[in-house]
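What follows is a single structure, written as structure tokens, with notes after it.
The values are calculated or read from the model by the stated rules, or taken from the named source; none is laboratory data. Since we're looking at a predicted model, the values are computed, not measured. Cβ atoms come from the backbone with ideal geometry, glycine included; neighbour counts cover every protein chain shown. Note: areas computed on protein heavy atoms with side chains; ligands, DNA, RNA excluded. Shrake-Rupley method; radii C 1.70, N 1.55, O 1.52, S 1.80 Å.
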Amino acid sequence: MKYWACIFFVFYAGMFAHSQTFSTGFEDEDAGDSFLLVFPTRDPTSFSGQNLSRLPKGTEFSHVFEYQLPDSLKGRNLKIGIKFWYRFPAEKEKCFFVTDMSHEAKNLVWKADSLVVPANAMDWMKFESSTEVPADMTLNGRIKTYFWNPSHIPVDLDELVVNIEILRLPSFIPLLNVPEFKGSPRVLAQHGIFELLYYPGSSLVAFVDRKGRLLTGPIGMVSASKNNKSVRYNARWRVYRQYETNDGTRITVLKNRSGWFRNRLTITTSQTNRVEVSITSFSGKIKGLGRHSVVLPFSDTPTRVYRLNGKTDTMQFQTEYYLGSGGGFTAGEGERSLHVFYPKAPVSMQLHTEARLLILNIDYDADHPQLHYPLASNKKDVFVDRSARSYGYGDQLNAELVFFIGKSMPELPRLMPFPHGYEAAIIWTEHADYTDLRTQRAVHFGHEDIQLAEKAVGGFTAYNIPVTKSVFWHNPDSVSNATISEGLFPGLHASVTGDSEFFDFLKQLHKQGNEICLHTAGQFTENRDTVRKALQFMKHHFVSPTWIDHGYNNAQKFNRENAVCDGFNRKSDYFMADLWEEFGVTYFWNPYYEEVRPFEEWMFGGHFMIPYPGFGDAFPYRYINHVNGFPNMLFWSTTGTLEVPEDPMWDYFFSEDHLQALIRHRSLWINHVYPAWARQGKGFWMMDEYSKAVAMPGFDRALQKLARYRNEGQILPVTISSYLDYYTAVQQLVIERQSDTTVSVYNPGNKSIEGLSFIVNASHVRVNGRQPQIKELDGETVFWFDLPAHSTAYISY
């Protein structure tokens, strides 16, 4: 039984075991053939040894290293490190060392690191650089590094080293010392397929198969304060109560304490292989809870992981997965199977495949990232991280989980992230700052002189790309565009009640399917009466549930009514949550990932998604989460602002490779843009030869690509309200396995879910006996159907 105690030691001891190093000092004995185009030269002033490599004047490319990845490194995150010493004359020209990865003439990675020019001519300088390459780029890649000398100056190099190692992602699961079983167990529940055992000598509880072999380790609870400063783990339980119902169902109630919580664990078992687990925890007083979670170690290696994007891993498993409430996994086979999937939201799951550990988060601060900008007259850009919730004495937390053990079961149909069979989605969220009707018409209709949506020649409307467009309700401070536009647009910035033409323009956009919402009521702080009038007006004309904060900061004038300022602060005069609820506003922009940037080092190239999903699923990134203290309100997140000041850059950001990556990873990208900003430079519009504002050609090319992918059923351009309406409806679904090949899906909501999408590894699918809409994807079947309110669909496959 000592296996449970040493499991984490084995994992961490082997973290950095896989690496390949290639080096040369250009001496006779190590010239080798790993590096091509080297120029060994005997020189007593070499950095080490007797030789160095001296580039003849006029040489542009040299020191070429090429390496075809072996199978052991394919499909792994890699870190490519380069190190050497160099010297060259102190000239202005630059030299570079390039890391390049390609597959079948297609470039996957290209990075050029420049060499620092020596302060003194011919001083030896150290060059050291590393490139992190995500796993989806290493499946078939060939690594190439080389020295690039575009100025053709003479250069000396020595002690060149290229190191390739497996890059481990950071772990988001706490390190735990899982206790050992002691003594002889007693049976708490026995149902033929499995048993639930209790070990009085160590007060531990676990499941075993019909032969008495462990299926799980000791079930426990872990609680941690913010930033894991204090971690309390307890797997010891007291059997509180047991009873049996008339149909043979066995109910076992256990109790323990973990840190600040008193926990009641109820395990319901029956003659089937279904196990129901419910947790009720009563809190002590804690300010800033990092996590409160169930810990479930399991004995056998994973055989299947249901990922959040609807994909399934069955062979090469990632070390760690964040599965949210939409994933699951299977460990073992046959009578030693353990199947866990679809816990009831807002519970989330994390899986460590090497440590064989499932964490079921009842509360986890990373599941609800949130900021607050406190009022402070003498501060600027100061925020407080309010992700971690606080609890008082007797506060109650609840969670439920259903899993199956002791029997092989076919793969489940998995939810696709997007409706109607789409594989990815893009949401444009437009901020209203400093715009003019002329620039608005340019980016939505293609030209400032076009006044009717049906005559659009470019921009969002011409390609039928919807936008969540925020606006100012009024402009009481008469803020103009004169300064920001450098005199190009001297009038007042656009607001709904200040410009009848702009209001008419907005009504056209709304009719075309765009979402029109508030960017707060005005440029600066507004009182409750003004916000009420603005919300009432917007609900009457545009009926949007979305709000986008504007100008948040610490000073009194900076929109204290914002969601990240005092809008959710019950003690403030600028508390707005009751007004938002009254007028149906429930979806709020969350700038957390833009300000805190927890995953910034895991971006890759010009790809939209941060963290780049090609690195893996370990990151607890939540682009949608509940507002702390307001369960009916949701935050949606962005990770940065899209600005494309040069026309060709549109082709780079919206390249086929980048869009295909969005599709391949079934990702959602919510962007943060200022397309109609009154000064040129954001990249969405430009002045033509007649001094007219028109859509930038590259912007139109990007929209044309999105329209093509939409028409092909791959990328869905959608608004915040449309997508979050779908998302919230799907979160409420009750999905249950009825038999090995039948699953029921119940919609408890009051609205029909249009285009509810699943994917399954089966060629024939029926929903309520009929074939739904289907398409083939990666050898599996994507299918979708409408599910009316308060109705159940039976999926057979």
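Annotations for the structure displayed:
So that you can scan it fast, the table gives a plain yes or no per residue for (1) touching a residue at least 24 places away in the same chain (Cβ under 8 Å); (2) closer than 28 Å to THR353 by Cα; (3) of a type in the set (A, V, I, L, M); (4) crowded, with 17+ Cβ neighbours inside 10 Å:
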position	(1), (2), (3), (4)
SER203	yes, yes, no, yes
ALA224	yes, yes, yes, yes
ASN227	yes, yes, no, no
ASN263	yes, yes, no, yes
PHE298	yes, yes, no, yes
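- Residues located in region 281-295, provided they are farther than 17 Å from ALA345 by Cβ and either part of a loop (DSSP other than H, G, I, E, B) or of a type in the set (Val, Ile, Thr) (or both): GLY284, LYS285, ILE286, VAL295
- Yes/no for ARG560 being buried (at least 20 other Cβ atoms within 10 Å of the Cβ) and either more than 25 Å from the chain's Cα centre (by Cα) or part of a helix (DSSP H, G or I) (or both): yes
- Residue match in region 340-359 (condition: under 30 Å from HIS550 (Cα atoms) and either among the aliphatic types (A, V, I, L, M) or touching a residue at least 40 places away in the same chain (Cβ under 8 Å) (or both)): yes
- Residue count for region 92-150 under the criterion of being among the hydrophobic types (A, V, I, L, M, F, W, C), without any contact (Cβ under 8 Å) to a residue 60 or more places away in the chain and not in a loop (DSSP other than H, G, I, E, B): the result is 10.
- Residues in region 67-76 that are open to solvent by less than 40 Å² (accessible area, probe 1.4 Å) and more than 12 Å from GLY141 (Cβ to Cβ): none.
- Hey, GLY81 surrounded by 15 or more Cβ atoms within 10 Å (Cβ to Cβ), touching a residue at least 24 places away in the same chain (Cβ under 8 Å) and in a strand (DSSP E or B) or not: yes
- Scan region 707-739 for residues that are open to solvent by less than 60 Å² (accessible area, probe 1.4 Å), assigned to a helix (DSSP H, G or I) and within 28 Å of VAL340 (Cα to Cα) and the total you get is 7.
- Beta carbons closer than 7 Å, at least 6 apart along the sequence or on distinct chains, never pair a first residue in region 614-634 that is over 16 Å from TRP602 (Cα atoms) and among the small types (Gly, Ala, Ser) with a second that is modelled with pLDDT of 95 or more and surrounded by fewer than 19 Cβ atoms within 10 Å (Cβ to Cβ).
- Residue count, region 740-797 (criterion: in a strand (DSSP E or B) and more than 17 Å from GLU423 (Cβ to Cβ)): 20
- Residue among LYS182, LYS92, LYS126 that is open to solvent by 60 Å² or more (accessible area, probe 1.4 Å) and modelled with pLDDT of 95 or more: LYS126
- Filtered residues of region 331-359 (kept if touching a Pro at 6+ places or on another chain (Cβ under 7 Å) and either among the charged types (D, E, K, R) or open to solvent by less than 10 Å² (accessible area, probe 1.4 Å) (or both)): ALA331, MET349, ARG356, LEU357
- Taking the conditions (1) surrounded by fewer than 18 Cβ atoms within 10 Å (Cβ to Cβ); (2) at pLDDT 95 or above in turn, GLY606 satisfies each one other than (2).
- Which listed residue is open to solvent by less than 50 Å² (accessible area, probe 1.4 Å) and within 21 Å of THR461 (Cα to Cα), from TRP650, TRP636: TRP650
- Residue in region 584-601 that is surrounded by fewer than 22 Cβ atoms within 10 Å (Cβ to Cβ) and more than 26 Å from the chain's Cα centre (by Cα) present: yes
- Residue count for region 539-555, restricted to those that are over 13 Å from PHE588 (Cα atoms) and either touching a Phe, Trp or Tyr at 6+ places or on another chain (Cβ under 9 Å) or crowded, with 18+ Cβ neighbours inside 10 Å (or both): 7
- Among the residues of region 672-689, those that are under 26 Å from the mean Cα position of the chain (by Cα) and either among the aromatic types (Phe, Trp, Tyr) or within 11 Å of THR435 (Cβ to Cβ) (or both) comprise TYR674, PRO675, LYS682.
- Failed item in (1) touching a Ser or Thr at 6+ places or on another chain (Cβ under 7 Å); (2) open to solvent by less than 20 Å² (accessible area, probe 1.4 Å); (3) over 16 Å from MET349 (Cα atoms), with SER270 passing the rest: (2)
- Residues considered: ARG766, ARG770. Of these, the only one that is within 25 Å of SER408 (Cα to Cα), modelled with pLDDT of 95 or more and open to solvent by 50 Å² or more (accessible area, probe 1.4 Å) is ARG766.
- Candidates LEU73, LEU37, filtered to the one that is touching a His at 6+ places or on another chain (Cβ under 8 Å), at pLDDT 90 or above, within 30 Å of ILE173 (Cβ to Cβ) and not small (Gly, Ala, Ser): LEU73
- Of all residues in region 482-493, those that are more than 9 Å from ARG679 (Cβ to Cβ) have Cβ atoms under 8 Å from Cβ atoms of residues that are part of a loop (DSSP other than H, G, I, E, B) and of a type in the set (D, E, K, R), 6 or more apart or on another chain, in GLY491/ASP436; LEU492/ASP499; HIS493/ASP433; HIS493/ASP436.
- Single residue of GLN536, GLN556 found to be in contact (Cβ under 8 Å) with a residue 12 or more places away in the chain and under 16 Å from VAL471 (Cβ atoms): GLN536
- Within region 300-313, considering residues that are of a type in the set (S, T, N, Q) and part of a loop (DSSP other than H, G, I, E, B), the one least open to solvent (accessible area, probe 1.4 Å): ASN309
- Test: ASP700 is open to solvent by 40 Å² or more (accessible area, probe 1.4 Å), assigned to a helix (DSSP H, G or I) and at pLDDT 95 or above: no
- Flag for LEU371 being of a type outside the set (Ser, Thr, Tyr), closer than 24 Å to TYR621 by Cα, modelled with pLDDT under 95 and surrounded by 20 or more Cβ atoms within 10 Å (Cβ to Cβ): no
- Residue within region 587-607 that is in contact with a Leu (Cβ under 7 Å, 6 or more places away or on another chain), touching a residue at least 40 places away in the same chain (Cβ under 8 Å) and β-branched (Val, Ile, Thr) present: no
- Apart from one condition, GLN316 fits all of (1) under 22 Å from the mean Cα position of the chain (by Cα); (2) surrounded by 22 or more Cβ atoms within 10 Å (Cβ to Cβ); (3) at pLDDT below 95; the exception is (2).
- Number of the condition not met by LYS705 [criteria: (1) under 30 Å from GLU430 (Cα atoms); (2) within 22 Å of the chain's Cα centre (by Cα)]: (2)
- Counting the residues of region 386-409 that are of a type outside the set (Gly, Ala, Ser) and open to solvent by less than 50 Å² (accessible area, probe 1.4 Å) gives 8.
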